[in-house]
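First up is the structure itself, then whatever we jot down about it.
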Amino acid sequence: MVYTTAMFRAIKEHNPQARVIVIGNTINKMLLADNTDVDEYIVFDGDVFSLARMLREKNIILHVPLTRIESLAAFFLAGVRSIAVPEVVRRF
């Protein structure tokens, strides 16, 4: 999660009106608690269909899956129109 914070900042710099919603576990929520580039954090408990219903209500237009295939499935089921997958070139 730490290496994605630069992506959140870049999104906000290029589109200040964008709403950045991060989905992840409780530990990562604590890591991002003070990140001003993240507008909302949703703790994912593993229930794909519940997450899909919640996402459908938020009218999300872009999803960037970073780790779990379940989140990709939830966004697909929610009808998200665009899915972008970043490539991490240099990991520590």
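The values are calculated or read from the model by the stated rules, or taken from the named source; none is laboratory data. Here the structure is a predicted model, which means the values were calculated and not measured. Counting neighbours? That spans all protein chains shown, and the Cβs are built from the backbone with ideal geometry, glycine included.
PHE44 meets each of the listed conditions (1) aromatic (Phe, Trp, Tyr); (2) under 14 Å from the mean Cα position of the chain (by Cα); (3) at pLDDT below 85 apart from (3).
Please find, within segment 17-33, the residue that is nearest to ASP47 (Cα to Cα) out of those that are of a type outside the set (A, V, I, L, M, F, W, C) and in contact with a strand residue (DSSP E or B) (Cβ under 6 Å, 6 or more places away or on another chain). For segment 17-33, the residue satisfying everything is THR26.
Per-residue answers, yes or no, for (1) part of a loop (DSSP other than H, G, I, E, B); (2) hydrophobic (A, V, I, L, M, F, W, C); (3) more than 22 Å from ILE69 (Cβ to Cβ):
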{"residue": "THR4", "(1), (2), (3)": "no, no, no"}
{"residue": "MET7", "(1), (2), (3)": "no, yes, no"}
{"residue": "ALA18", "(1), (2), (3)": "yes, yes, yes"}
{"residue": "LYS29", "(1), (2), (3)": "no, no, no"}
{"residue": "ASP34", "(1), (2), (3)": "yes, no, yes"}
{"residue": "TYR41", "(1), (2), (3)": "no, no, no"}
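Just to be sure I understand, how many residues within segment 48-68 are modelled with pLDDT under 80, under 14 Å from GLY24 (Cβ atoms) and of a type in the set (A, V, I, L, M, F, W, C)? Write out each step before concluding.
First, the residues of segment 48-68 that are modelled with pLDDT under 80: 59-68.
Imposing the further condition that a residue be under 14 Å from GLY24 (Cβ atoms) reduces the set to 63-68.
Add one more test, that the residue is of a type in the set (A, V, I, L, M, F, W, C), and what stays is 64, 66.
The qualifying residues number 2.
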